[in-house]
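The values are calculated or read from the model by the stated rules, or taken from the named source; none is laboratory data. The shown structure was predicted, so the numbers you read here are calculated from the model rather than taken from an experiment. Note: ideal-geometry Cβ built from the backbone for every residue, glycine included; neighbour counts use all protein chains shown. All accessible areas refer to the heavy atoms of the entire protein, side chains included, with ligands and DNA or RNA removed. Shrake-Rupley method; radii C 1.70, N 1.55, O 1.52, S 1.80 Å.
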Amino acid sequence: MSDFGDRATSGGSVVLPGGTRLDAALDGVRLRALAAALLALGIFWIDSFTSFHSAIATLYAVVLLLAGARLDRRQLVGWSLACAALTIASFVIVHRNAPSTEAALRLLVSLAANAVTTALLLHRIVLDQRVAREERRYATMTDTLAIAIWEHDFSCVDAAIQGLRACGVTDLRAYLRAHPEFVAHIRRQVRITDVNQTALDMMGVASKAAFFRKLGDFLPETDASFAECILAIDERRPMFQAETQVIAADGSPIDIIVAFSLAPGTCLAQVPGSILDIRQRKRLETTIERTRIELERVQRTAAIGAMSASIAHEINQPISAVQSYADSAARWLARPEPNLDEVRLSLAGLNQAVANIHAVVQRVRSLVGGSQCDMQPLGLGSLVADTLAIAARDLDAHGARIHVAPLGEPTVVGDRILLKHLLLNLITNALQAMEGAGMAEKRLDLSLHARDDHVLLLLRDHGPGLAPEIAEPFETFVTTKPGGMGLGLSICRSIVELHDGRIALSNHPDGGALAAIELPLAA
Ligand code: ADP
């Protein structure tokens, strides 16, 4: 990433890394070569035509250093051989008639200096090539990263912090909070010195040269992350991470997470930061939130629907009772000699049935709405007896009889009305099953069995048993009846679960269906 400046043409000239123009760089090389050549000629002249008898030819090393700055290997070796040739030529010119050992030694020292300088410069060329290769590798690596990389120059932030400290500011956080204009000013000073290809793609910028050069150019004025970034620089935090927004070239905001390291020893003029585009994640979060709200709405609607359906289902039975009490009162009144005592009895039953309807509506509402029920310790034997009294008319109407084993009075903690309706629902289902199958003898068996810490209520009918297509009878809206709603058993299960109990419905080995309810005994 060190070659930030793309090879971009500017005013007809190619711009090199670091922003130097190619023609200017070439002029520099030519100028150095000219100066080196002139120096070489000067040395040659002094060495050959003056009486300056010292190892002046060692200065050819300076010629090589001057010329060798941007040479490749072949060119450098060429310059080295030329300098050696000039050294030998001077020796021949001066000493061809009387060569001395001293002169020969000077020649050898000069040639050795030339060789050592050449070797060092060749080594530097190898190192330069290696560095260039590594830089290219690094650039390729960062350009192909899926994450955007920006290199920041934070040195101005450090300078500004030092300035504040010199003015006596000790609580930097409080100062930044009180001076947002200072934060905005520093933000405008921070330069972006390098970016990778992913950053260009993310920001919708065609080339690095066209990329924004100051942080303030693409952070929105409302950005709140930069103050924390100043503090992180001040504290030289090993890791700084923030969620913010940047403005792309087309003006659209991009949600990002930026992270960089500011550990001690970090060069603040070149802090590479990784930037993760989180628009996709944000979009997903928004969609999930919208779906959640939608789901809640649907659930509320479904709960209201379920409540209405449950109420309709649960009051069916008491409504038929109201109907039959009213009919019976009317019949007693229609007699030539109305029997007012019977009428009074029927009206009392009717009153009781209406009260039942109120209670059922109330309980179903609390069941569906999840509110508290009226939980009391109650004797299960009496509760079963009360329920059977309510169901007596229904049983009569279906010509069914119920055989009840001695019940006892095991105590459970429960809601009297809900438990009664649980039992009534099961009795109604049993009667309907036997009626639907056209059973000549409609019989039910009910028994209570107190165990260690729970009581088991068994209700068996002598109907056809569960239809084979019913895999899970307690599921809502599962029904085999033409006008059925498939809610009764699911309400039964809700009631039992509300009492920390369990319920099962299965086929009895000797025929019919067997409902088993297990309820915990009161402590
Ligand atoms: P619904 O009575 O409206 O059908 P339920 O939830 O009370 O709804 O019952 C679901 C289904 O379970 C019934 O349609 C019936 O097929 C089956 N079922 C329930 N009780 C009995 C039973 N005692 N004998 C046979 N099948 C039963």
Checklist entry - Taking GLU441, is it open to solvent by 70 Å² or more (accessible area, probe 1.4 Å) and within 11 Å of the ligand (Cβ to nearest atom)? => result no
Item to check | Every residue from the stretch 41-72 that is within 60 Å of the chain's Cα centre (by Cα), of a type outside the set (A, V, I, L, M, F, W, C) and surrounded by 13 or more Cβ atoms within 10 Å (Cβ to Cβ) | outcome: GLY68, ARG70
Checklist outcome for this item: Condition set among the hydrophobic types (A, V, I, L, M, F, W, C) and within 6 Å of the ligand (Cβ to nearest atom), scope the stretch 423-437, selection surrounded by the fewest Cβ atoms within 10 Å (Cβ to Cβ): answer is ALA433
Item to check | Selection count, the stretch 455-495, where residues are near the ligand (Cβ under 8 Å from one of its atoms), of a type in the set (Gly, Ala, Ser) and touching a residue at least 24 places away in the same chain (Cβ under 8 Å) | outcome: 3
Next on the checklist: For the condition in contact with a helix residue (DSSP H, G or I) (Cβ under 6 Å, 6 or more places away or on another chain), at pLDDT 90 or above and over 30 Å from GLU135 (Cβ atoms), what is the one hit in ALA36, ALA55, ALA40?
Outcome noted: ALA40
Checklist entry - Which condition number does LEU419 fail, the rest of (1) within 16 Å of the ligand (Cβ to nearest atom); (2) in a helix (DSSP H, G or I) being met? => result (1)
Checklist entry - Just to be sure, is ILE233 among the β-branched types (Val, Ile, Thr), modelled with pLDDT of 90 or more and surrounded by 13 or more Cβ atoms within 10 Å (Cβ to Cβ)? => result yes
Checklist entry - Does ALA397 qualify as being open to solvent by 60 Å² or more (accessible area, probe 1.4 Å), out of contact with any His (no Cβ under 8 Å at 6 or more places or on another chain), modelled with pLDDT of 80 or more and hydrophobic (A, V, I, L, M, F, W, C)? => result yes
Checklist outcome for this item: Here the residues within the stretch 465-505 that are in contact with a helix residue (DSSP H, G or I) (Cβ under 6 Å, 6 or more places away or on another chain), open to solvent by 60 Å² or more (accessible area, probe 1.4 Å) and farther than 26 Å from ASP374 by Cα are MET485
Next on the checklist: I need every pair where a residue in the stretch 134-154 that is surrounded by 14 or more Cβ atoms within 10 Å (Cβ to Cβ) has its Cβ under 7 Å from the Cβ of a residue that is β-branched (Val, Ile, Thr) and in a loop (DSSP other than H, G, I, E, B), sequence separation at least 6 or different chains.
Outcome noted: HIS152/VAL190; ASP153/VAL190; PHE154/VAL190
Item to check | Criterion: open to solvent by 60 Å² or more (accessible area, probe 1.4 Å) and either modelled with pLDDT under 80 or of a type in the set (A, V, I, L, M, F, W, C) (or both) - qualifying residue of ARG300, ARG335, ARG331 | outcome: ARG300
Checklist entry - How many residues does the stretch 180-205 hold that are assigned to a strand (DSSP E or B) and open to solvent by 30 Å² or more (accessible area, probe 1.4 Å)? => result 1
Checklist outcome for this item: In the set ARG165, ARG177, the lone residue that is modelled with pLDDT of 90 or more, under 18 Å from THR244 (Cβ atoms) and exposed (fewer than 14 other Cβ atoms within 10 Å of the Cβ) is ARG177
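Got at least one residue in the stretch 444-453 being more than 10 Å from the ligand (Cβ to nearest atom), among the acidic types (Asp, Glu) and under 48 Å from the mean Cα position of the chain (by Cα)?
Yes: the stretch 444-453 contains one or more residues that are more than 10 Å from the ligand (Cβ to nearest atom), among the acidic types (Asp, Glu) and under 48 Å from the mean Cα position of the chain (by Cα).
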Checklist entry - Would a scan of the stretch 360-382 turn up a residue that is charged (D, E, K, R), modelled with pLDDT under 90 and open to solvent by less than 40 Å² (accessible area, probe 1.4 Å)? => result no
Item to check | Residue in the stretch 159-169 that is touching a Phe, Trp or Tyr at 6+ places or on another chain (Cβ under 6 Å) and outside any loop (DSSP other than H, G, I, E, B) present | outcome: no
Item to check | Count of residues meeting criterion [of a type outside the set (Ser, Thr, Tyr) and crowded, with 17+ Cβ neighbours inside 10 Å] in the stretch 86-124 | outcome: 9
Checklist entry - What is the number of the single condition among (1) more than 13 Å from the ligand (Cβ to nearest atom); (2) out of contact with any His (no Cβ under 6 Å at 6 or more places or on another chain) that GLU518 does not meet? => result (2)
Checklist entry - What pairs come up if the first residue lies in the stretch 418-447 and is more than 16 Å from PRO318 (Cβ to Cβ) and among the charged types (D, E, K, R), the second is within 12 Å of the ligand (Cβ to nearest atom) and in a helix (DSSP H, G or I), and their beta carbons are under 6 Å apart, counting only those six or more places apart or on different chains? => result LYS442/MET434
Next on the checklist: Restricting to the stretch 91-133, name every residue that is among the hydroxyl-bearing types (Ser, Thr, Tyr) and either part of a helix (DSSP H, G or I) or in contact (Cβ under 8 Å) with a residue 12 or more places away in the chain (or both).
Outcome noted: THR101, SER110, THR117, THR118
